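**Student:** Encoded as structure tokens, here's the structure I'll be asking about.
The values are calculated or read from the model by the stated rules, or taken from the named source; none is laboratory data. Since the structure is predicted, the reported quantities are computational estimates derived from the model, not experimental observations. Because the Cβ atoms are built from the backbone with ideal geometry, glycine has one as well, and the counts that use them run over all protein chains shown.
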């Protein structure tokens, strides 16, 4: 009889233990009272919804003026020239190439980038006689700029060239989507090297 009672007690004891821990876990899962619920649960506006907080009624905001996202192109700070003109274009003239001396491998890559993106207009010899001009027999109605042999372009600051390549100039469109920042500077370094305006390529370290 005692054995029977013990066998019946064990299942009941296990049920009691399970119920006790089950109830305690349920209690732990219940959140307590929050004094200021809006501090814990943000009542944020949807991105494209109307918003009474701002004057224009829009939730989606523009970046703060002058901010640049990580990895993006730097901006030209406004500066005044001798005549008092304030422009990004003038500011670009004072910008120096952060990659002025390329080693042999980088110079070869810069030449490749130039031939792919610039040679069609400015020519493989940088004389403006590319396939689009072709000594006047090409489809282009006017000869592109000769980057070598023309005092205007040989004396042009590298930052100004970079600005034109980035944003476009006259009939030349922008190349910021085709070449990243470093590649554009490499092309400028290649052009300046061909003009003889920069030091020769840095020596490649021996393996």
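**Student:** If we keep just the residues of region 70-106 that are farther than 17 Å from residue 163 by Cβ and at pLDDT 70 or above, which is surrounded by the most Cβ atoms within 10 Å (Cβ to Cβ)?
**Tutor:** Within region 70-106, the match that is surrounded by the most Cβ atoms within 10 Å (Cβ to Cβ) is 102.
**Student:** Follow-up question, since we're still on this one. How many residues, within region 120-149, are part of a helix (DSSP H, G or I) and surrounded by 17 or more Cβ atoms within 10 Å (Cβ to Cβ)?
**Tutor:** 2
**Student:** Looking at this structure, is residue 117 modelled with pLDDT of 95 or more, closer than 24 Å to residue 154 by Cβ and surrounded by 10 or more Cβ atoms within 10 Å (Cβ to Cβ)?
**Tutor:** Taking the combined requirement at face value, the residue satisfies it.
**Student:** Limited to region 131-149, what total is found for residues that are touching a helix residue (DSSP H, G or I) at 6+ places or on another chain (Cβ under 8 Å) and farther than 21 Å from residue 196 by Cα?
**Tutor:** Counting residues in region 131-149 that are touching a helix residue (DSSP H, G or I) at 6+ places or on another chain (Cβ under 8 Å) and farther than 21 Å from residue 196 by Cα gives 5.
**Student:** Could you check residue 171 against (1) without any contact (Cβ under 8 Å) to a residue 60 or more places away in the chain; (2) surrounded by fewer than 17 Cβ atoms within 10 Å (Cβ to Cβ); (3) under 29 Å from residue 105 (Cβ atoms) and say which number it fails?
**Tutor:** Of the numbered conditions (1) without any contact (Cβ under 8 Å) to a residue 60 or more places away in the chain; (2) surrounded by fewer than 17 Cβ atoms within 10 Å (Cβ to Cβ); (3) under 29 Å from residue 105 (Cβ atoms), the odd one out for residue 171 is (3).
**Student:** Right, here's the next one. So residue 128 ticks every box in (1) at pLDDT below 90; (2) on the phi > 0 side of the Ramachandran plot but one. Which box is left unticked?
**Tutor:** For residue 128, the failing item is (1).
**Student:** Consider only pairs whose beta carbons are under 7 Å apart and that are at least six residues apart or on different chains; among these, list those whose first residue lies in region 98-120 and is without any contact (Cβ under 8 Å) to a residue 24 or more places away in the chain and whose second residue is surrounded by 15 or more Cβ atoms within 10 Å (Cβ to Cβ).
**Tutor:** 119/130; 120/130; 120/132
**Student:** So which of 42, 24 is farther than 21 Å from residue 168 by Cα, outside any loop (DSSP other than H, G, I, E, B) and at pLDDT below 90?
**Tutor:** Only one candidate qualifies: 24.
**Student:** Run residue 106 past the list (1) assigned to a helix (DSSP H, G or I); (2) out of contact with any strand residue (DSSP E or B) (no Cβ under 9 Å at 6 or more places or on another chain) and report the number of the one that doesn't hold.
**Tutor:** For residue 106, the failing item is (2).
**Student:** Say we look at region 150-165 and pick out the residues that are in a helix (DSSP H, G or I) and out of contact with any helix residue (DSSP H, G or I) (no Cβ under 6 Å at 6 or more places or on another chain); which of these is nearest to residue 129 (Cα to Cα)?
**Tutor:** 153
**Student:** Find the residue count for region 174-199, including only residues that are crowded, with 18+ Cβ neighbours inside 10 Å and at pLDDT below 90.
**Tutor:** Residues meeting the conditions: 1.
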